[in-house]
Amino acid sequence: MSGVLLTRLGKLWLLSILFFLYAPILVMAFMSFNASQYYQLPFEFSLKWYEKLALNTEILDAATRSIAIAIVTTVVATVLGTAASVALFRFEFRGKRFLQVMLFPPIAIPWLITGTAMLIFFFGIGLGRGTPSVIIGHVALAIPYVIVVVSARLATFDATLEEAARSLGANAWTVTRRVTFPWIVPGIIAGALFAFAVSFDQFVISYFLSEPGDSTLPVLIYTSIRKGFTPEINAISTIIISVSMVVMLIAARFSNFGGER
Amino acid sequence: MAEVSVKNVTKKFGNFTALDDVSMEFPDGGFFALLGPSGSGKTTLLRTIAGFLFADSGSIHIGNKSVDLIPVEKREIGMMFQNYALFPNMTIADNVGFGLRVRKVSSDEERRRIGEALELVQLSTLGDRKPHQLSGGQRQRVALARAIVTNPRVLLLDEPLSALDKSLRVDMQVELKRIQHEIGITTIFVTHDQEEALTLSDKIGILREGRMIQSGPPRSVYNNPVDRFTAEFLGDANIVAENDGNGRLNVSGNPSIKIPKGAETASALAVRPESLSISATEPKQEGLSKVHGRLVQRMFAGAMSTCIVQCGSHTYKMVARDQDVPNLSEGENIWLSWKSAQTIVIP
Amino acid sequence: MAEVSVKNVTKKFGNFTALDDVSMEFPDGGFFALLGPSGSGKTTLLRTIAGFLFADSGSIHIGNKSVDLIPVEKREIGMMFQNYALFPNMTIADNVGFGLRVRKVSSDEERRRIGEALELVQLSTLGDRKPHQLSGGQRQRVALARAIVTNPRVLLLDEPLSALDKSLRVDMQVELKRIQHEIGITTIFVTHDQEEALTLSDKIGILREGRMIQSGPPRSVYNNPVDRFTAEFLGDANIVAENDGNGRLNVSGNPSIKIPKGAETASALAVRPESLSISATEPKQEGLSKVHGRLVQRMFAGAMSTCIVQCGSHTYKMVARDQDVPNLSEGENIWLSWKSAQTIVIP
Amino acid sequence: DEIRVLNWQGYGTDLDWSVASFAESSGHTVIHEYFNSEQEMLTKLRTNPGAYDVVLINAAFTPQAQSEGLIGPIDVSMVGNLADIPANMSENVDLNAGGSLHGVPWTWGLTSFAVNTNEFKELPTSIEVFWNSDYAGKVSIRDDALEAVQFAAIATGQDINDIKDLDAVKAKLTALMPQIKTYWGSENDWNQFMAAGDLEVATFWSGSASRSMAAGLPVQFIVPQEGAIGWLDGLSIPTSSTKKDAAHAFINWMIDPEFYVKWAADGAPASANSKAAAALPDDAFNKRVLGDAEVVARVQFQRPVSTENREAYLALWQELKAAQ
Amino acid sequence: MSMTLANQQRIKIFSLLSPAYLWLTVAIFLPLSAMFYFSFLSDVPFGQKEWFYSTENYQAFFQTTTYAKLLWKSIKLGLMVTGCAVLVGFPCAYVLAKSIQGRSREALFLLVILPFWSNSLVRIFSWAIVLRGNGVLEIALNTILPFEVDVNLMFSTPAIVIGLVHSYLPYVILTSYLALQAIDDNLIDAARSMGANKLTILWRIILPLSLPGLLAGAVLIFVPVVGSFMEPRILGGRVGTYFGTVIEDQFVAVFNWPLGAALSFILLAVVLIILAVASPILRRAQT
Ligand SMILES: Nc1ncnc2c1ncn2[C@@H]1O[C@H](COP(=O)(O)OP(=O)(O)OP(=O)(O)O)[C@@H](O)[C@H]1O
Ligand SMILES: Nc1ncnc2c1ncn2[C@@H]1O[C@H](COP(=O)(O)OP(=O)(O)OP(=O)(O)O)[C@@H](O)[C@H]1O
Ligand SMILES: [Mg+2]
Ligand SMILES: [Mg+2]
């Protein structure tokens, strides 16, 4: 039957896209086991980059710091962004369009410019550099992403469900928590994952705002370009991706956020 | 538990007037039906009472206090939505228990009351399912259970039983009546089922195009409709005479239709299908109005049969139990008659 | 335009059997009603005929050809959904015109037919609105218009008129009948309104817990129910005698209830409320079954009134037009009687 | 004390062993921060007063840093190894901007080019190899306006510090563009492109070239007969530094022959310290190529570039790139 | 009459919005305002450099055709990448939302974002390894195919597009998924019962209903791609000069911040104009 065939084709398509998404990741992992420092082929198996990595406290520190910053950023940005998108989407008020348009500058202006601007501004107000500044910057960059993604989900919400909850005596907070929230969880999760990605891969802001000596992993990677970054970087990236994958698959196993109707 | 009064409420959607200066009293503990054609504003009125819509003018009182400044969640109402509005992410039991949990009822009590409510709507076994796994009627019952489980002061039901078969509907009617009686919840419900409205309610209100045309006890509205619309909408009505435009009733040249005293200038006379008697020969009793015609169609409809009779340019409808209708065949010439006291005068 | 037959269809949701070996014939051009309690599988059956669900076993034929391998969109059906399923992004007119545009009807013709369909459901003025701006009944009518506008071979209607008030419903019934008659569309509809089922349809099918219990012409099902469930579900039934478990009917020691010939081993005897006559004194005619009891309640319900009579441990229900019931008050001792021919034997 | 050093990454000062042994001998710890261009370095100095104690500055930029007050004079008495630095370096006009020594000469090197020895049976001797159509699509230069223009100036036989005929430069570069496969941005790019066989001829830095060769890449650094660009890097101390003593100590350690010889083993630019240069083994790249007086004679050392010129070069380069 | 109800609502809106927007103000809008101010200066006001107010940075954009040409090139790139990502990602999202059920859907949902968590630079260098001549792609193809092929996509516009599509694909997949998954299956059933084929259903029902999500994704792609610099630089080689790379040059190599800032604000203005022009058209398409 054509329906079944189409479904099969669809799944095949999804699989090929997943393959496309993972192709460079696989190459990255593959190269972390390759002996050549310059990513030369043919492949020659070696664990030497992992051995080097184990001794490289600089990379390990930077990775830990990046993860910590990314987690804080994710939590803060997701909470603030979700709250804002609820307000933007569920209410009508003056100035709403303006606020929505204001989400674009952080996305549109290259991070480089934003980062520079932050650096100058934070110095101007005496905040200076350091992890707090880095987090402030990361959160700010992540918020628009969360808002856009969560709003996309909120657009599909059936408002009578909220009314039903209110008629049962639920106050605004309960309505949000028990009715609106479950519906937008997939959006929130997607938003949070993006926020994490934005922070975890954020080189520019960290580059400008972190203090010498405690740089994050992307900064380390970016600055090592000049000298040549070694497959050690691939090794740490491979480890991080594998661990996140395991954690996520476990999370997927035990939770239900893909949405249901 | 609380009386509800609607005072001169007007509500517009854009420039469409959905409620037009509507007023009605719903005394404490009563059972009230709202009727009206599709699109007449019934749902809009319920939603305004609940507080989801803000009236453009007029106000709503619950328990003698204006609730115009009180948000929905503080009004202590229970509302059942026409499209059910079940929470898709929760099981049936969680849907029903939502209002209880909000009220911080202990979890034992919560479980007990969910159980009772589901029992009441005959869905005890489906507590673990999600709404999308239920049939239409089952969903409707969940919505009903959810609205009543919290024992609100006022219960607003938007066509609560429309998706149920007759026997289940009767069961639910009995239960609703019992609850309303036991706890004294003021219940306002919208229904299309006239029998339901007439048998259950203490008072009915008839809406038309956003206006409250008539309200009062069922029998009085049924027997004394204020206008032709109500006469024809609530129950059925054969119009037997109409005003000729010069202020006089025109009985289409049929002198055997008796015009009640004082009704000479009424706008119309009507008679209900169930008031009519049918006979092959002209009935001779005194005090009967009668018309002569031809039996066009006789339709079986379960408990009742319907006869369609053509009398000149008028078509009459008569209903009666099959056994109460004499053995007449379609096409025969017959007489329809009714006691003049049963003539309805439409002012 | 095409006959539909359902052959031994079984459908499970997980391990819940929603349809259990259901078979029924729907001859070409007829008008068929499906009845059954809430959750009995009516919607499931319609959806299987339409092709949205695949039967676990059994097959569906339309126009003498198996359609098991034909996807929905090629089956040339029109379907109306219980929850309407209107396209929220389109105006009413576009909703109705969707099926026409899919068929590449010229835009003049499209406009004309949309206009006709909206006229038919009395919504001509609302063509430009979006579904969310309509009332419940208005939405239902849009769904109906959308299903019939394409003149499909088979029309599947899931409670098409449940949200409409009586007069509108009657109008729609007339229109549906007319269309079915004119174009000869085989129409299968689910309804909870027994009167609707009995008056409109050529054949009815009664579902219970996924099984097709009985099907046939309305009058025959009504008068000869195959079991107690059907007797009580379609119309109302007073059970006057039950099998005592030893294969003999137990008339509760009431010798004046006559057991029809050959019915001695039936499972029960029943009598419909509308078959009963009520009198203050014992009726003396021949051939009557009768019981003695007390009038407990007399209820006004518009065209009909209901009398509840307590006879020993049995509660009887009687319905009649108000004027056909003698002037008795609640609490009086009375007799109920019926012609023995009207006793329903439940095999 | 803890001192902060601003430098290119992987450019000598941040070698683990050296930082460790410096800490051991002096008690000062060293933290690094990196920049990716001289302009960035200047901006960092401007925007982060007090953040750095030692900074590496190309002599062509030292006058600018000095004139902006970003760096202060060196206390010669605290840098003992300065004695071993020949006068032609220590008296360099640019390093002595403002009349006193503001940058201790540390290393110097060439910007020329390197070729893939697998592809070249015979090593080229002329810069014209870049325009040889045999190598079309196998050529690369760095994405840097100044370097590109000065490279073309050498190819057109002009003084890199005083380009008279900019049109000739433009014509030469326009002709070069179709030959180019990609621009390289960093040593890392360069090495990867070479290793992958994407490139056969590419401009390069001498120090980097020695590192690449040390790492086993089949490349050879060429100083063509037309000449090459030379640069000199100095170590300076920001005016705002609060740990000047430690900073001086660190600079002294950096120009020590002991440090240099060890560094040169895994690829370093040429040292400004003559003792250090002398201490290298004979086959060392820096001794073999840069120690050759005939080669040094062909080198044109970079001088500061005026803002107008810089902008003109940039506009030229951008226009050429955008036209691709 | 609902004075206080309206007030309560205002308080609610305010308390929901203000944390996020305050944060954005402090961390983005104020700094960007400073940058905006710089864009009107002749030089950055640090150290002892001299500076004065001028609009020369904005004039610079118009003095040569270089910038306009590059901006147009960047916009074309943005449209191309967005188009590819939508064409590739939307079907994916559809399959994920409608054909995959149960646990595996959650897992796939996460797997789609995960590649995002790797460092973008590492990712791009990995693409370089794949795409270059004698790279992974060529080797893989030559082992599968019976004949020799010569694939060297590196340093070309296709390479940039591949790299960017890869980087931004998850946005469109996930936002479309969020919208698609919310579409009531009954609507699709209803359309089928009226004889609509798959294409009609897609075009008339699914696409309009999922448009908010699709658009959110498209905007999240288009906007940053127009300003992108890293991917073009590394994967594009000689042809990889775009508006974003020029801006980057101003900040990283040349350190002419005022000009860089002016160019970015021009970029922002152009992007906003494009969105403003496109949004009513798209809104009409939704109905
Ligand atoms: N997805 C599902 N999973 C499990 N059970 C289901 C699912 N869908 C329907 N059912 C069950 O199948 C039975 C038949 O459902 P169906 O919708 O056909 O009932 P129905 O006769 O149309 O009832 P109603 O008159 O209430 O609409 C019901 O008991 C329902 O709970
Ligand atoms: N958002 C809206 N915009 C415009 N008109 C609306 C809107 N909502 C409802 N209406 C109109 O208001 C009128 C009253 O609607 P309401 O839902 O109260 O009717 P109802 O009496 O409940 O009808 P039904 O019995 O069909 O449910 C209808 O004519 C409807 O079309
Ligand atoms: Mg309604
Ligand atoms: Mg159903």
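Miscellaneous remarks
- Criterion: part of a helix (DSSP H, G or I) and either within 19 Å of residue E:213 (Cβ to Cβ) or free of Cβ contacts under 8 Å to residues at least 40 places away in the same chain (or both) - qualifying residue of A:205, A:221, A:135: A:221
- For first residues located in the stretch C:226-238 and farther than 13 Å from residue C:274 by Cα, partners that are at pLDDT 90 or above and part of a loop (DSSP other than H, G, I, E, B) and lie 6+ apart or on another chain with Cβ distances below 6 Å form the pairs C:231/C:225.
- Enumeration of residues in the stretch D:129-144 that are surrounded by fewer than 22 Cβ atoms within 10 Å (Cβ to Cβ) and among the aromatic types (Phe, Trp, Tyr): D:131, D:135
- Helices (runs of 4 or more DSSP H) contained in the stretch D:4-101 and holding at least 1 residues without any contact (Cβ under 8 Å) to a residue 24 or more places away in the chain and more than 16 Å from residue D:255 (Cβ to Cβ): D:16-26, D:38-47
- Conditions (1) away from ligand 4 (no atom under 16 Å from the Cβ); (2) touching a residue at least 40 places away in the same chain (Cβ under 8 Å); number of the one not met by residue C:205: (1)
- Of all residues in the stretch D:136-165, those that are assigned to a loop (DSSP other than H, G, I, E, B) have Cβ atoms under 6 Å from Cβ atoms of residues that are acidic (Asp, Glu), 6 or more apart or on another chain, in D:138/D:200.
- Options B:53, B:100, B:45, B:126: the member that is within 16 Å of ligand 4 (Cβ to nearest atom) and either modelled with pLDDT of 90 or more or within 13 Å of chain A (Cβ to nearest Cβ) (or both): B:126
- The residues of the stretch B:79-97 that are at the interface with another protein chain (Cβ under 7 Å from one of its Cβ atoms) and within 29 Å of the chain's Cα centre (by Cα), listed by number, are B:79, B:81, B:82, B:83, B:85, B:87.
- Answer from C:196, C:182 - the residue that is more than 23 Å from residue B:40 (Cα to Cα), out of contact with any Asp or Glu (no Cβ under 7 Å at 6 or more places or on another chain), within 16 Å of ligand 4 (Cβ to nearest atom) and acidic (Asp, Glu): C:196
- Checked against (1) of a type in the set (A, V, I, L, M); (2) within 27 Å of residue D:272 (Cβ to Cβ); (3) part of a helix (DSSP H, G or I), residue D:195 meets all criteria but (2).
- Beta carbons closer than 6 Å, at least 6 apart along the sequence or on distinct chains, pair a first residue in the stretch B:261-284 that is in contact (Cβ under 8 Å) with a residue 12 or more places away in the chain with a second that is in a helix (DSSP H, G or I) and not hydrophobic (A, V, I, L, M, F, W, C) for B:268/B:228; B:275/B:342.
- Test: residue in the stretch E:188-207 that is in contact with a Leu (Cβ under 6 Å, 6 or more places away or on another chain) and in contact (Cβ under 8 Å) with a residue 24 or more places away in the chain: no
- Which numbered condition residue D:41 misses (of (1) within 30 Å of residue D:194 (Cβ to Cβ); (2) more than 14 Å from chain E (Cβ to nearest Cβ)): (2)
- Any hit, the stretch C:148-163, residues being on the phi > 0 side of the Ramachandran plot, within 16 Å of ligand 4 (Cβ to nearest atom) and in contact with a Lys or Arg (Cβ under 9 Å, 6 or more places away or on another chain): yes
- Of all residues in the stretch C:1-42, those being within 13 Å of another protein chain (Cβ to nearest Cβ), assigned to a loop (DSSP other than H, G, I, E, B), in contact with a strand residue (DSSP E or B) (Cβ under 8 Å, 6 or more places away or on another chain) and among the small types (Gly, Ala, Ser) number 3.
- Of the criteria (1) surrounded by fewer than 16 Cβ atoms within 10 Å (Cβ to Cβ); (2) modelled with pLDDT of 90 or more, which one residue B:37 fails: (1)
- Candidates B:60, B:70 - the one that is at pLDDT 90 or above and either not aromatic (Phe, Trp, Tyr) or not assigned by TED's automatic domain parsing to the domain that holds residue B:22 (or both): B:60
- Enumeration of residues in the stretch B:303-332 that are out of contact with any Asp or Glu (no Cβ under 6 Å at 6 or more places or on another chain), within 8 Å of another protein chain (Cβ to nearest Cβ) and without any contact (Cβ under 8 Å) to a residue 40 or more places away in the chain: B:304, B:306, B:322, B:323
- Annotation for the stretch B:176-193: at least one member residue is over 17 Å from residue B:86 (Cβ atoms), at the interface with another protein chain (Cβ under 9 Å from one of its Cβ atoms) and modelled with pLDDT under 90.
- Wholly within the stretch C:65-163, helices (runs of 4 or more DSSP H) carrying at least 2 residues that are within 16 Å of ligand 1 (Cβ to nearest atom): C:136-148
- Residue check for residue B:171: surrounded by fewer than 24 Cβ atoms within 10 Å (Cβ to Cβ) and on the phi < 0 side of the Ramachandran plot: yes
The values are calculated or read from the model by the stated rules, or taken from the named source; none is laboratory data. Remember, predicted model here, so these are calculated numbers, not experimental data. Cβ atoms come from the backbone with ideal geometry, glycine included; neighbour counts cover every protein chain shown.
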